[in-house]
Structures are given as C-alpha cells and as structure tokens.
Amino acid sequence: MRQIAIVGSGPAGYYTAEAAQKLWEDDVRVDIFDCLPVPYGLIRTGVAPDHQSIKGVSRRYEATSLSQNVRFIGNVMIGRDISIAELQDLYDAVVLATGAPNDKLPGLPGEEFPNVFGSAAFVGWYNGHPTFANLDPDLSGNTAVVIGNGNVALDVARILAKTREEFAGSDIVTHALESLDASKLEHIVILGRRGPHQIAMTPKELGELAHLERACPRVDPADLPEEGEDALLEPGQRKSVTHLRSFAAIPEAMRVDKPIDLDFDFFASPKAILGDGKVEAVEVERTKLENNRAVGTGETYTIPASLVVICIGYQTSPIEGVPFEENAGRFANDEGRILPGLYCVGWARRGPSGTIGTNRPDGFSVVEKIAEDIGSGAGKAGGDGFEKLAAQRGLNFVEFHDWQKIDEAEVQRAREGAPREKFVAVEEMIAAAGKD
Ligand code: NAP
C-alpha cells in the first residue's frame with residue numbers, strides 16, 4: 001500500500017489524486033490536506049464569481065473525494081499544525097499543490113498606501129477568502145487603475161464594472177456585492193506596459209467587456225499595430241486583438257448610455273503611486289517595444305486614481321526546509337520532483353501560468369515520478385498515523401462529509417438566484433460543520 005499526502009486541495013492537488021488512483025487503483029491511499037475547512041482552492045476563491053461554468057469542474061473533484069481511497073483533511077496548516085518532515089515520516093510521498101497564493105508586487109513607491117491592493121487580496125475579497133474578507137476597499141472615488149494585461153486584470157476590471165443585476169446567478173459574497181453596488185467609479189484604466197499584440201488576455205474573457213451594462217471598453221486606435229501584422233499572431237491571440245480592434249471602433253455616440261469608461265492604456269509602465277497618505281494618482285512612463293520588451297521613453301504622465309489593483313502575477317509561499325527559487329516564486333524542482341519523496345505540482349511547480357486543465361497532465365507526470373521513487377511503498381503509517389498525531393495535538397480537522405455540511409449550509413443561505421452564500425470566516429465554517 002502506497003501512502004500519499006497532497007498539500008493543497010485545488011485543481012493541481014485533485015488531478016494528482018486522480019492520477020494516483022488511476023495508476024494504483026486500490027493500492028494507494030491519498031490524503032489531501034488544506035489549511036481551510038473547505039476544498040477546491042482557486043476554484044472557490046480565485047475563479048471569478050460570475051464564471052460559474054468554470055467552477056463546475058469541482059464536481060469532478062467531488063467524485064474523487066467520495067471515492068474510497070481519497071480523503072479530504074481540511075483546517076490543517078502544514079508548517080503550523082504539522083511539519084513537512086512529519087508528513088514525510090508518515091507518507092511515502094508528499095506532494096505540494098499549494099498554488100501561488102501571494103501577490104507578486106512591482107515594488108513601486110507608494111505601493112503601501114491604503115486602497116492599493118495586490119490581486120490575490122482583491123480577488124480574495126470579492127470571492128470571500130477568509131484572509132481577505134475584511135479588506136474593505138474604498139470604492140467611493142472616481143478612478144480605479146488596474147495594473148497588468150492578463151486575465152486576472154480583466155477579471156478585476158469586469159467585476160468593478162458590473163451592476164448588481166449582472167451578478168445574478170454568481171456566488172459573489174454579499175459584502176462585495178453591496179460595496180460594488182454602492183461604487184462611484186466612473187473610470188477603470190487597465191495599464192499594459194506593452195502593446196495590444198502582447199496582451200495575456202484570452203479572447204472569450206476579453207469579448208465579455210463588449211456586453212457590460214454600464215461600462216464600455218475603449219482602445220486608442222493609435223496603439224494598434226497595422227492590421228496586416230495580426231496575421232503573424234497565433235489564432236487565439238489574433239482573436240483577442242480582433243476584440244481590441246472592435247473596442248477601438250466603438251463610436252462615441254454609443255458610449256453615452258454607459259457611465260463607466262473602461263480604458264486600455266497600452267505602452268504604459270507604472271513608476272510610482274502618488275498621494276499624501278492615500279492613493280491619489282499613478283505616475284506612468286510611456287514605453288516602446290524593443291525586441292518585444294517594454295523600454296521606457298522618458299515621457300511620463302499621471303493618472304488620477306482612488307483605487308489601484310496590481311495584477312501582475314503571483315508567487316508560491318515558501319515552506320521552511322523546502323528548496324525555493326526566489327526569482328521564479330516557486331519550489332526548486334526537476335519536473336515536479338523536489339527530492340525523492342517530496343514533489344510539487346501546478347503553480348507551486350511551474351509558477352502561475354496556464355489554465356485549470358493545464359494541471360491535469362502535471363498531476364499525471366508527477367505520479368510517474370512518484371512511482372519511480374517509492375515502488376510499492378515502505379509500509380508507512382499514512383492517514384492512521386496522521387490521526388494519532390492530530391489527536392495528540394488536538395487538531396480540529398474536517399473531512400469531506402464535514403465540508404458537505406458546510407456546502408449545504410452555504411446553499412441554504414444563498415441570496416435568491418445565487419448558488420451559495422459563502423462563509424467567509426473559518427470559525428463560521430467550522431460551526432456549520434458542527435465541529436465546534
Ligand atoms: P499573467 O497572465 O502572467 O499576466 C500578468 C500581466 O502582468 C502581464 O500583462 C504582464 O506584462 C504584466 N506585468 C508583469 N510584471 C509587470 C510590471 N512590473 N509592471 C507592469 N505590468 C507587469 O498573470 P495573471 O493575469 O495573474 O494570470 C495568472 C494565470 O491565471 C494566467 O495563466 C491566466 O491566464 C490564468 N487565469 C485565467 C483566467 C480565465 O481563463 N478566465 C482567469 C484568471 C486567471 P508582460 O506581458 O509585459 O510581462
């Protein structure tokens with residue numbers, strides 16, 4: 001019997017469990033740990049609340065959890081409640097599927113001002129992540145600057161632009177819905193340090209901006225390269241650029257009914273956040289492309305701003321004793337193997353890139369590495385050993401059936417039309433599971 005511990009219950013963790021089951025069928029036991037009492041990681045707290053169809057993938061992870069040899073163990077923080085070394089003593093293989101929960105920040109002067117947030121915090125706020133539920137951004141000002149040209153910047157800009165009605169059917173948490181409903185924002189500026197051909201936004205998501213009730217996207221036609229150059233792009237990117245071209249062609253007369261401008265500001269690199277104790281503006285340097293890189297031109301200007309959300313990527317949380325690549329913001333690994341017995345998958349392995357589905361082959365490839373290293377297992381104590389340790393330490397861990405109670409309670413207390421109202425405090429989750 002092989003004993004495997006997976007740390008992190010997001011897509012990368014669940015696909016690894018699925019791969020282990022597929023390879024070893026009944027000859028493996030998998031425990032999936034999470035620091036929260038609720039599973040699914042980024043599916044619950046990262047994927048935008050108005051993208052419910054994407055969240056549907058959690059049904060697949062549920063099926064894995066309900067199988068006999070996989071167990072969800074929530075409310076256990078590795079590094080605080082139990083160390084990596086202890087897990088390694090108990091399990092043949094420990095797989096870190098901890099994602100990349102920390103903001104990468106550019107280190108701009110003024111980044112520390114109130115109402116300047118990284119996207120992990122801001123997305124966590126509207127998605128009800130317990131760490132960020134109390135962020136309480138001030139949306140009473142006129143202009144938000146969203147830094148970055150990836151899908152997260154797009155998510156943040158869209159969420160800031162939507163009306164209450166447009167959140168119907170979403171699981172946005174009520175505190176964020178109320179705050180967004182009272183928002184006074186009239187301008188949302190999306191800053192890209194490079195140009196339209198270099199965006200990291202996918203076409204489907206970009207296309208959604210054309211259908212917002214109260215916001216209209218704006219692209220300066222002068223920023224667009226010659227149309228013929230689009231032929232050089234790969235098809236997905238070409239489609240995205242086609243959306244940008246259609247935004248550039250929207251006549252002014254069609255904007256009058258839309259009180260929010262959603263401006264793409266390309267070739268614009270943030271230099272500083274300006275203000276007197278609070279954010280008042282963003283200083284930006286105009287850039288040009290050289291060998292596909294953004295190079296400053298020396299020309300600067302300021303954009304008045306009352307809110308800044310920095311969406312330029314994420315990094316993994318280091319864990320004591322586990323080799324870490326600071327620059328890349330992920331664990332040091334060779335195709336998922338950190339060292340025999342210790343592995344990483346998903347964003348903890350690759351850094352924060354790719355779609356949810358990208359994690360599936362990742363999970364399968366790491367299980368191949370595990371198979372090379374652990375043979376048929378070394379007779380380790382596995383889950384039984386964990387339970388003994390948990391009892392000695394008084395750990396109040398939850399299992400999948402407890403999550404099902406939390407889930408049911410969230411569904412029951414949902415606003416009309418919403419799939420659920422998430423609990424945003426760990427204590428509330430524990431209480432809903434009846435584990436006080
Ligand atoms: P991302 O796709 O890597 O985009 C990061 C953006 O930040 C890029 O435009 C990058 O510009 C810019 N940037 C980086 N450093 C910067 C700096 N110092 N100053 C200004 N701009 C800077 O990251 P992400 O948006 O956080 O997304 C992470 C992953 O999740 C991606 O794979 C994304 O596709 C995925 N995701 C998918 C969805 C979806 O499918 N609906 C939703 C959300 C996220 P450069 O290109 O110039 O470096």
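Read-outs throughout are calculated quantities, based only on the coordinates presented, and are distinct from any laboratory measurement. All values derive from a computational prediction rather than experimental measurement. Please note: Cβ atoms are built from the backbone with ideal geometry, for glycine as well, and neighbour counts cover all protein chains shown.
How much length would be gained if the chain were fully extended between Thr174 and Ala272, taking 0.36 nm per residue of separation minus their Cα-Cα distance, in nm to one decimal?
Working: separation 98, 0.36 × 98 = 35.28 nm, distance 3.29 nm.
Result: 32.0 nm gained on full extension.
Once label points are set 7 Å from the Cα along Cα→Cβ at both Ile54 and Asp436, what is their separation, rounded to one decimal in nm?
Placing both labels 7 Å beyond Cα along the Cβ direction yields 3.8 nm.
In whole angstrom, how far apart do the alpha carbon centroids of the range 60-139 and the range 6-21 sit?
15 Å
When you count, for each residue, the other Cβ atoms within 10 Å and take the mean per peptide, how do 178-190, 374-386, 109-121, 219-231 rank with the highest first?
Numbers: 178-190: 17.5, 374-386: 15.7, 109-121: 19.0, 219-231: 12.5.
In descending order of packing, they fall as 109-121, 178-190, 374-386, 219-231.
Calculate the FRET efficiency for Glu326 and Ser353 from the Cβ-Cβ distance with a Förster distance of 25 Å, rounded to the nearest 0.05.
Working: r = 18 Å, r/R0 = 0.70.
Taking R0 as 25 Å, the efficiency between Glu326 and Ser353 is 0.90.
Restricting to the range 105-310, what percent of DSSP beta bridges are antiparallel, rounded to 5?
Of the beta bridges lying entirely in the range 105-310, close to 40 percent run antiparallel.
Test of understanding: what is the full-extension gain from Ala182 to Thr297, defined as 0.36 nm times their sequence separation minus their Cα-Cα distance? Don't skip to the answer; put the middle values down first.
Values: separation 115, 0.36 × 115 = 41.40 nm, distance 3.89 nm.
Stretched out fully, the Ala182 to Thr297 stretch lengthens by 37.5 nm.
Zone of Lys204 (label point 7 Å along Cα→Cβ, backbone N under 19 Å): which residues in the range 143-161?
150-159
Can you pick out the pairs among Lys55/Lys422; Lys405/Lys435; Lys104/Lys278 whose Cα atoms lie more than 18 Å from each other? List each step's numbers first, then the result.
Working: Lys55/Lys422 14 Å; Lys405/Lys435 11 Å; Lys104/Lys278 21 Å.
Over 18 Å apart, Cα to Cα: Lys104/Lys278.
Rounded to the nearest 20 debye, what is the charge dipole size of the chain about its Cα centre when +1 sits on each Lys and Arg Cβ and -1 on each Asp and Glu Cβ?
On the way: 44 positive and 66 negative charges, 85 e Å.
Dipole of the chain, to the nearest 20 debye: 400 debye.
Hey, if you put +1 on the Cβ of every Lys and Arg and -1 on every Asp and Glu Cβ in the range 323-379, which of Ser365, Gly351, Ser376 ends up farthest toward the positive end of that dipole?
Towards the positive end, the residue furthest out is Gly351.
Spelling out what I want: for every residue of the range 263-276, take phi, set θ = phi - 60°, compute 6.51 cos²θ - 1.76 cosθ + 1.60 (Karplus), and round to whole Hz; glycine and proline get x.
Calculated HN-Hα couplings, in order: 8, 8, 10, 8, 6, 9, 9, x, 10, 7, 9, 9, x, 10 Hz.
Using a simple spin-label model with points 7 Å from Cα along the Cα→Cβ vector, what separation in nm is obtained for Glu165 and Met1?
Distance between the two pseudo-spin positions: 5.8 nm.
Which shape class applies to the range 360-430: rounded if a/c is under 1.5, otherwise prolate when a/b exceeds b/c and oblate if not, where a ≥ b ≥ c are the square roots of the Cα gyration tensor eigenvalues? All intermediate terms of the calculation are to be shown ahead of the outcome.
On the way: a/c = 4.09, a/b = 1.64, b/c = 2.49.
Oblate, since a/c reaches 1.5 and b/c is not below a/b.
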